[in-house]
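Asker: Have a look at this one before I ask anything.
The values are calculated or read from the model by the stated rules, or taken from the named source; none is laboratory data. From a predicted model like this one, the values you see are computed outputs, not experimental measurements. Note: ideal-geometry Cβ built from the backbone for every residue, glycine included; neighbour counts use all protein chains shown. To get the accessible areas, we keep the full protein, side chains included, count just its heavy atoms, and leave off ligands, DNA and RNA. Shrake-Rupley method; radii C 1.70, N 1.55, O 1.52, S 1.80 Å.
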Amino acid sequence: QVQLIESGGGLVQAGGSLRLSCAASGRTSTTYRMGWFRQAPAKEREFVASIIWSGGQAFYGSSVKGRFTISRDNAKNTMYLQMNSLRPEDTALYYCALGSRAGAKYDFWGQGTQVTVSS
């Protein structure tokens, strides 16, 4: 069973930066795609970014495009999200997810890491 271990969340002032990490551990499985989602209080889960593991093709939600960068280290089974120019509206619980097959479905989810951006 794959476990996703997240780190890097915290409190940052508006305009600052954070880098989130998500490491996949447990039994090895095929990774097709990994992605980040976020959920703020009283809001639905929102797509942030995703990356195709083989080749590194990246996709971004419109609200973060140009500010966030997703990347991965294949050897370490680790995904990163570099978050720049953070805004208070970026405040949310950020979830890491892994999809083992092509398609929209993610098979595994992390516990979430809190990102809080202060004014």
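Asker: So, in the stretch 47-71, how many residues would count as being within 18 Å of Leu98 (Cβ to Cβ), part of a strand (DSSP E or B) and open to solvent by 70 Å² or more (accessible area, probe 1.4 Å)?
Answerer: 2
Asker: Given (1) assigned to a strand (DSSP E or B); (2) open to solvent by 20 Å² or more (accessible area, probe 1.4 Å), where does Met34 come up short, assuming only one miss?
Answerer: (2)
Asker: Same structure again: Hey, can you tell me all the residues within the stretch 83-106 that are in a strand (DSSP E or B) and either in contact with a Cys (Cβ under 6 Å, 6 or more places away or on another chain) or basic (Lys, Arg) (or both)?
Answerer: Just the residues of the stretch 83-106 that are in a strand (DSSP E or B), to begin with: 83, 92-99.
Answer for the stretch 83-106, where residues must be in a strand (DSSP E or B) and either in contact with a Cys (Cβ under 6 Å, 6 or more places away or on another chain) or basic (Lys, Arg) (or both): just Cys96.
Asker: Which members of the stretch 18-31 meet the condition of being surrounded by fewer than 17 Cβ atoms within 10 Å (Cβ to Cβ), of a type outside the set (Lys, Arg) and touching a residue at least 60 places away in the same chain (Cβ under 8 Å)?
Answerer: Ser29, Thr30 - these are the residues of the stretch 18-31 that are surrounded by fewer than 17 Cβ atoms within 10 Å (Cβ to Cβ), of a type outside the set (Lys, Arg) and touching a residue at least 60 places away in the same chain (Cβ under 8 Å).
Matching residues to (1) among the basic types (Lys, Arg); (2) at pLDDT below 95; (3) within 17 Å of Ser50 (Cα to Cα); (4) surrounded by 11 or more Cβ atoms within 10 Å (Cβ to Cβ):
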residue	(1), (2), (3), (4)
Asp73	no, yes, yes, yes
Asn84	no, no, yes, yes
Pro88	no, no, no, yes
Tyr94	no, no, yes, yes
Gly112	no, no, yes, yes
Thr116	no, no, no, yes
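Asker: Pick from the stretch 1-17 the residues that are in a strand (DSSP E or B) and open to solvent by 70 Å² or more (accessible area, probe 1.4 Å): which of them is farthest from Ala75 (Cα to Cα)? Working first, answer last.
Answerer: We begin by selecting, within the stretch 1-17, every residue in a strand (DSSP E or B); these are 2-7, 10-13.
Now drop any that are not open to solvent by 70 Å² or more (accessible area, probe 1.4 Å), which leaves 3, 5, 11, 13.
Values: Gln3: 16, Ile5: 16, Leu11: 30, Gln13: 33 Å.
Per the criteria, the residue is Gln13.
Asker: Is it fair to say Ser29 is part of a loop (DSSP other than H, G, I, E, B), more than 10 Å from the chain's Cα centre (by Cα) and at pLDDT 95 or above?
Answerer: Numbers: part of a loop (DSSP other than H, G, I, E, B): yes; more than 10 Å from the chain's Cα centre (by Cα): yes; at pLDDT 95 or above: no.
No, not satisfied.
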